[in-house]
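Worksheet: the structure to be examined is printed underneath.
The values are calculated or read from the model by the stated rules, or taken from the named source; none is laboratory data. These numbers were taken from a predicted model, which means no experiment stands behind them. With ideal geometry, Cβ positions are generated from the backbone for all residues, glycine too; neighbour counts draw on all protein chains shown. Just so you know, the surface numbers come from the protein's heavy atoms only, side chains and all, with ligands and any DNA or RNA stripped out. Shrake-Rupley method; radii C 1.70, N 1.55, O 1.52, S 1.80 Å.
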Amino acid sequence: SCSRAKDVTMPAKLPVNFFSTRSPVIDLFRGQLDYADHLRQDSEIVLYFFYAPWCGQSIAAREQIEHVASRLSDQVLFVAVNCWWNQGKCRKQKHFFYFPVIHLYHRSFGPIEYKGPMSAVYIEKFVRRVMTPLLYISSRSKLLDFLSNYEPGVLGYFEFNASPQPPGYLTFFTSALHSLKKDYLGTIRFGVITDKHVAEKISLVHSGSVYLHRHVNTSLIYPNDIMNYTAENICKWALENREMLIRWLRPHGGKSLLLNNELKKGPALLIFIPYNPLAEIHPLLDEITKVALEYHNCNKSQVAEPDLQRLGDTDSPAVDSSVPDAHMKYSETFSITKYPCCNTVVLPQWHSISRTHNVCELCINQTLGVKPNKVHVPHCNFLEIEAALDSFYLQEHTFFQVVSNTLECSNFLSFYSPFSYYTACCRTVNRHFLSFISSEKTIFQTPKVAFSSHGKKGNTQHSIPHIEDRNCFIPDLHISGTNFTGLSCRTNKTLNLYLLDSNLFWIYAERLGASRSTHLKEFATIVDLKEEVHYVLDQNQSLVGSTL
């Protein structure tokens, strides 16, 4: 009888060195995980690079890891482990879903997984953060540098006089490592102050106090009386209460919902800049940070960052006394500048011949007419803006009639309340929005047609400019101090700000409208999924604060 031939399986080839024998990286190509653990006991900082020898990403990352190791091998132990060979301990004990995987250990603390770009500069920056999770703030100028950074900052004050290790210091140190473990982008910076006089500048008096700095909202001090003083709690408290003015987006290259999830949150300003995380200074990033601070600075009576003003120059007052007077003088003349609550309305009816339509800025006006008492609305109330829109649409035929290049304003009563007035400033624009901007460079003149209450032609005493363009009408006030400051709170069009490194993600910029031929990889675009609109900043203009 004829017996069936047995299956013949060829055994896997024995693994070979993945890294060169001259490399500063120790290559455990047989997957000796127990030996890797043994090596870790003698080193303060260890980086494990788990790889599969056939994997394209592992092969591409090998050169980057060698580059970092050549710079840091005197301070960090670099160990590569083959986690694919079926006879190795690594393959039997670890179950990774992707390769390569980078784990870092700070003595016994770890693993801290690195999930950022497989680029030498980014890996080195992360390793350096694990090496020194706390920045030492020794002087007032260093404190100012720390607080003015766009990333959220947590500061701990500890007196090292009494003992070599003041109580709570190790807990604070570990909380900084926890932060890196939870957020691989490292968006929270941790610093430590040992000088009592420096600590007093941010109201820290007691040793062991922890302070979370926020640029726009009130900064916080860790509530010891409510939460236990543990590393996990400090980290959780900082992550929950941090302020994210600007977020970095770093797509990992595989299928991902990262961009979709962010764009679903609302309109997004995506800024692409060439970024070197190891550079000492980032002037372009500083400029973008200033724009973000101005945009979110809702309390216009205060200069942004009063604490920093006070720290930077203790001899001079935080606010120039001449500025408020000037602001008051202009706001008396142009009362629309006071309104905290405005909404842009594009009227749906097009003028068929000129292909233009009317755009109105509708504001709740509390400076006009008779009212029981003076009311100040600190924030935009949705119900009030809805009521204003209702009143506006009842009279919208009035605003269709005007075809004018100048701005025309109307004050009309609310039909809900005899004390509420609304102000609408309208003008006719064509589809070329840039020509609309360029035509605004003239000083505001009294319009030929002005509307009084209920839209009837009447006196022109309440003719006032468009809230968002008033820098064009008041040339003495600087652009950043007038129409842009606090814009996120004045309109319902709040933008989320995102940064992407153009050295890594320029393909995204090209898909969003950037020129392929450009040498300078700087680009800005606004994407609004809900409204299905997409704006691109002219690449012939330099990407600076004023242009943004």
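Residues of segment 110-133 with the amide nitrogen closer than 19 Å to a label point 7 Å from the Cα of Asn261, along Cα-to-Cβ, please.
Output list for this probe position: 113-118.
Take segment 3-128, drop everything but the C-alpha atoms, weight them equally and run the Debye formula without solvent; then report log10 I(q)/I(0) at 0.10, 0.19, 0.22 Å⁻¹ to two decimals.
Treating every Cα as an identical point scatterer, log10 I(q)/I(0) equals -0.32, -1.05, -1.42.
Could you give the accessible area per residue of segment 133-244, probe 1.4 Å, as a whole number in Å²? It would help to have the intermediate numbers written out before the result.
On the way: 5200 Å² over 112 residues.
Per residue, segment 133-244 has an accessible area of 46 Å².
Using only alpha-carbon positions, what ratio does the radius of gyration of segment 133-244 give when scaled by 2.2 N^0.38 Å?
Here the Cα radius of gyration is 0.97 times the empirical estimate.
Please report how far the C-alpha centroid of segment 1-51 lies from that of segment 118-183, rounded to the nearest whole angstrom.
With segment 1-51 and segment 118-183 each reduced to a Cα centre, they are spaced 36 Å.
Only loop residues by DSSP count here, and only those with at most 13 other Cβ atoms within 10 Å; note down the GluC sites (Glu not before Pro) in segment 4-86 that meet that. Numbers along the way, then the final one.
Values: sites: Glu44, Glu63, Glu66; in loops: Glu44.
Answer in residue order: Glu44.
Taking the Cβ of Met118 as the center, what net charge do the other residues with Cβ under 14 Å away carry, scoring Lys and Arg +1 and Asp and Glu -1? Could you put the intermediate results ahead of the total?
Values: positive: Arg62, Lys115, Lys125, Arg250; negative: Glu63, Glu66, Glu113, Glu124, Asp501.
Here the count lands on -1.
Rounded to the nearest 10 Å², what accessible area does Lys115 have for a 1.4 Å probe in the complete protein model?
110
Step through the table entries Lys125/Lys264; Lys115/Lys142; Lys125/Lys182; Lys115/Lys493; Lys13/Lys182, compare each Cα-Cα distance with 28 Å, and write down the pairs that go over it.
Numbers: Lys125/Lys264 31 Å; Lys115/Lys142 30 Å; Lys125/Lys182 16 Å; Lys115/Lys493 33 Å; Lys13/Lys182 39 Å.
Beyond 28 Å between Cα atoms: Lys125/Lys264; Lys115/Lys142; Lys115/Lys493; Lys13/Lys182.
Excluding Asn17 itself, what net charge comes from residues whose Cβ is under 14 Å from its Cβ, given Lys and Arg +1 and Asp and Glu -1? Can you show the working numbers first?
Values: positive: Lys13, Arg22, Arg30, Arg62; negative: Asp27, Glu66.
Spelling it out: positives minus negatives among the neighbours equals +2.
What does the extension gain come out to for Met10 and Gln541, with contour length at 0.36 nm per residue minus their alpha carbon separation?
Details: separation 531, 0.36 × 531 = 191.16 nm, distance 6.27 nm.
Stretched out fully, the Met10 to Gln541 stretch lengthens by 184.9 nm.
Using a cut-off of 15 Å between beta-carbons, work out the net charge of the residues near Leu177 (Lys and Arg +1, Asp and Glu -1, Leu177 not included).
Values: positive: Arg107, Arg128, Arg129, Lys181, Lys182, Arg189, Lys236; negative: Glu44, Glu113, Asp183, Glu232.
Its environment carries a net charge of +3.
Provide the solvent-accessible area of Arg107, counting protein heavy atoms only and rolling a 1.4 Å probe, rounded to the nearest 10 Å².
Its heavy atoms expose roughly 150 Å² to the probe.
Quick check of the Kirkwood formula: for segment 195-291, what is the inverse mean of 1/r over all pairs of different Cα atoms, in Å?
Working: mean 1/r = 0.0584 Å⁻¹.
One over the average 1/r among Cα pairs gives 17.1 Å for segment 195-291.
Distances over 14 Å make up what percent of all Cα-Cα pairs in segment 15-82?
Numbers: 1234 of 2278 pairs.
Here the long-distance tail beyond 14 Å is 54 percent of all Cα pairs in segment 15-82.
When the accessible area of segment 133-244 is split by element with a 1.4 Å probe, what percent falls to carbon and sulfur?
Numbers: 2580 of 5200 Å².
Roughly 50 percent, rounded to a whole number.
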